[in-house]
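Visitor: Can you read through this structure? Questions will come right after.
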Amino acid sequence: MTERTAIVIGGGIAGLATAAGLCRTGWRVTLFEQAPEFTPVGAGIVVAPNGVRALEWLCVGDALRERSVATGAAGIRTATGRWLVRTTIDELVAQYGVPAYVLHRADLHRILLDAAQAAEMRTGQRITTVRAGLKIAEAVHEAGAEHADLVVVADGVHSTARAALFPGHPGAAYAGYLTWRGVVPAAKVPLDIPGMIVSWGRGLGFGIVPLADGRVYWFASITGPEGAHLHEDLRDVAARFADWHQPIPQLLAATAPEALLSHDIYHLPTPLPSYVAGPVALLGDAAHAMTPDLGQGACQALEDAVTLAALAANRSVPAALAQYDRIRRPRTQAMVRTSARVGRFTASWNPLLAVLRNALFRLLPTRAYLRASAAAFSWRPPPSIDTETTHKVVGDV
């Protein structure tokens, strides 16, 4: 059988997971990353049960567990510290068969980079456009053009390849808020933090996530006009949360000023008409960038990668891509809409909405709170060749 070739555009979580999956199913893969080297940035990341199953399919479950901490103990509090809802890791596992895992984004990137080592990595080469033929796709960069049986577009929320393939699409839009992120060194963490905590105020939010090595990842958000808060430094952030419950002020005081990350949040509210154009597939943020309110951006990218690799293992490219579009587009576009709605509801400055939000979550039973995540967390990879040997039973953790 003739070896099939694939080009993957983008060396983030989505691109590396796709490269790893396609290599495992017999494809010859070339990955293009415009940065001169793989130097992932970011802070912490939570891999929900559906993302864990995707990583198990990629045979990196052991690496995930070695570099992360299993979690499921979580809760939502008000700015004053009042608990609205709490869960335990046992409850999460009972519901979905596997816990969530928390690790630094750089560690997840390294796990996937190691898994994709069979691919040819070309760093420092930016793909300027993509052309979809009937059977062969073309990726164009400064030095020329590359052809392959399949091109995978995973170049992020502001994808240039997406713009080339769908020139009439409006592209990414500002979601209405900014996020700050930071990581506190283990030696400076003020106290033991038993699990993930999200606290809500009016127009403000704050999350706390313990990492495996004793460090603590935190994130915060503020609702406002695009660009309005990008200039604020760590002192400004600390001032905004000065009267919130502990350990929020303590964590901010223990964060190095240079460790602060600030980003306006963008998503893709206008759905694409297809995730496929000829022998080209879009996945991850390039296809369905969503706000972080459901914590599903990376997990959906992992689902995309595994689904595409599984379908392309023993199908023709047209058949595999047609099925990929039918499976992935309705699911991910629904999550884009839901995540945006959740963000608008939980992050409003409106005092009446804040009171209503808190009252609803205070009355919500834990089991109902966990069931609300079933649409995301219950996902399982599609069957593919050699299913029994390509991934373990994910309940064995």
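The values are calculated or read from the model by the stated rules, or taken from the named source; none is laboratory data. Not measured: the values here are computed from a predicted model. Here Cβ is always computed from backbone atoms with ideal geometry, including for glycine, and neighbour counts include all displayed protein chains. Protein only, heavy atoms only, side chains kept; ligands, DNA and RNA dropped before computing areas. Shrake-Rupley method; radii C 1.70, N 1.55, O 1.52, S 1.80 Å.
Visitor: Of everything in the range 328-342 that's more than 16 Å from residue 273 (Cβ to Cβ) and over 16 Å from the mean Cα position of the chain (by Cα), which residue is least open to solvent (accessible area, probe 1.4 Å)?
Guide: This residue is 342.
Visitor: Is it the case, given these coordinates, that residue 163 is touching an Asp or Glu at 6+ places or on another chain (Cβ under 6 Å), open to solvent by 10 Å² or more (accessible area, probe 1.4 Å) and modelled with pLDDT of 90 or more? Lay out the reasoning, then the answer.
Guide: Working: touching an Asp or Glu at 6+ places or on another chain (Cβ under 6 Å): no; open to solvent by 10 Å² or more (accessible area, probe 1.4 Å): yes; modelled with pLDDT of 90 or more: yes.
No; evaluated as a whole, the condition is false for this residue.
Visitor: Do any residues in the range 27-46 that are on the phi > 0 side of the Ramachandran plot have Cβ atoms under 6 Å from those of residues that are at pLDDT 90 or above and buried (at least 17 other Cβ atoms within 10 Å of the Cβ), where the two are at least six apart or on different chains, and which pairs are they?
Guide: 42/105
Visitor: Here is a follow-up. Of the residues 162, 77, which single one is assigned to a strand (DSSP E or B), under 28 Å from residue 336 (Cα atoms) and among the basic types (Lys, Arg)?
Guide: Only one candidate passes the filter, namely 77.
Visitor: Using the structure shown, decide if residue 195 is in contact with a Phe, Trp or Tyr (Cβ under 9 Å, 6 or more places away or on another chain) and either of a type in the set (Ser, Thr, Tyr) or under 21 Å from residue 294 (Cα atoms) (or both). Explain how you work it out, then say what you get.
Guide: On the way: in contact with a Phe, Trp or Tyr (Cβ under 9 Å, 6 or more places away or on another chain): no; either of a type in the set (Ser, Thr, Tyr) or under 21 Å from residue 294 (Cα atoms) (or both): yes.
Judged against the criteria, residue 195 is not a match.
Visitor: Among the numbered criteria (1) of a type outside the set (A, V, I, L, M, F, W, C); (2) buried (at least 17 other Cβ atoms within 10 Å of the Cβ); (3) modelled with pLDDT of 95 or more; (4) farther than 29 Å from residue 36 by Cα, which one does residue 169 miss?
Guide: Answer for residue 169: the failing condition is (2).
Visitor: Please determine whether any residue of the range 32-50 is of a type outside the set (Lys, Arg), at pLDDT 95 or above and in a helix (DSSP H, G or I).
Guide: yes
Visitor: Scanning the range 190-236 for residues that are of a type in the set (Phe, Trp, Tyr) and either in contact with a Gly (Cβ under 9 Å, 6 or more places away or on another chain) or assigned to a helix (DSSP H, G or I) (or both), which turns out farthest from residue 69 (Cα to Cα)?
Guide: 219
Yes or no, residue by residue, for (1) touching a residue at least 40 places away in the same chain (Cβ under 8 Å); (2) within 30 Å of residue 331 (Cβ to Cβ); (3) out of contact with any strand residue (DSSP E or B) (no Cβ under 8 Å at 6 or more places or on another chain):
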residue	(1), (2), (3)
205	yes, yes, no
242	no, no, yes
248	yes, no, no
276	yes, yes, no
298	yes, yes, no
304	yes, yes, yes
313	yes, yes, yes
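Visitor: Determine if the range 295-310 includes at least one residue that is at pLDDT below 95 and either of a type in the set (Asp, Glu) or not in a helix (DSSP H, G or I) (or both).
Guide: Taking every residue of the range 295-310 in turn, at least one turns out to be at pLDDT below 95 and either of a type in the set (Asp, Glu) or not in a helix (DSSP H, G or I) (or both).
Visitor: For the list (1) surrounded by fewer than 16 Cβ atoms within 10 Å (Cβ to Cβ); (2) modelled with pLDDT under 95; (3) in contact with a strand residue (DSSP E or B) (Cβ under 9 Å, 6 or more places away or on another chain), I need the number of the one condition that residue 322 fails.
Guide: (2)
Visitor: Which residues, taken from the range 173-186, are crowded, with 21+ Cβ neighbours inside 10 Å and small (Gly, Ala, Ser)?
Guide: Within the range 173-186, 175, 182 meet the criteria.
Visitor: Among the residues of the range 187-226, which ones are open to solvent by 60 Å² or more (accessible area, probe 1.4 Å) and aromatic (Phe, Trp, Tyr)?
Guide: Scanning the range 187-226 gives a single hit, 219.
Visitor: Name every residue in the range 108-159 that is touching a Lys or Arg at 6+ places or on another chain (Cβ under 9 Å), part of a helix (DSSP H, G or I) and open to solvent by 50 Å² or more (accessible area, probe 1.4 Å), in order of residue number.
Guide: Listed by number, the list holds a single entry, 110.
Visitor: Continuing with this model, one more query. For residues in the range 354-385 being in contact with a helix residue (DSSP H, G or I) (Cβ under 7 Å, 6 or more places away or on another chain) and in a helix (DSSP H, G or I), which is farthest from residue 309 (Cα to Cα)?
Guide: Per the criteria, the residue is 357.
Visitor: Can you spot a residue in the range 254-268 that is among the polar types (S, T, N, Q), touching a Gly at 6+ places or on another chain (Cβ under 9 Å), open to solvent by 20 Å² or more (accessible area, probe 1.4 Å) and modelled with pLDDT of 95 or more?
Guide: We begin by selecting, within the range 254-268, every residue among the polar types (S, T, N, Q); these are 255, 262.
This time we only want the ones that are touching a Gly at 6+ places or on another chain (Cβ under 9 Å), so: 255.
Subset that is open to solvent by 20 Å² or more (accessible area, probe 1.4 Å): none.
For the range 254-268, residues among the polar types (S, T, N, Q), touching a Gly at 6+ places or on another chain (Cβ under 9 Å), open to solvent by 20 Å² or more (accessible area, probe 1.4 Å) and modelled with pLDDT of 95 or more: absent.
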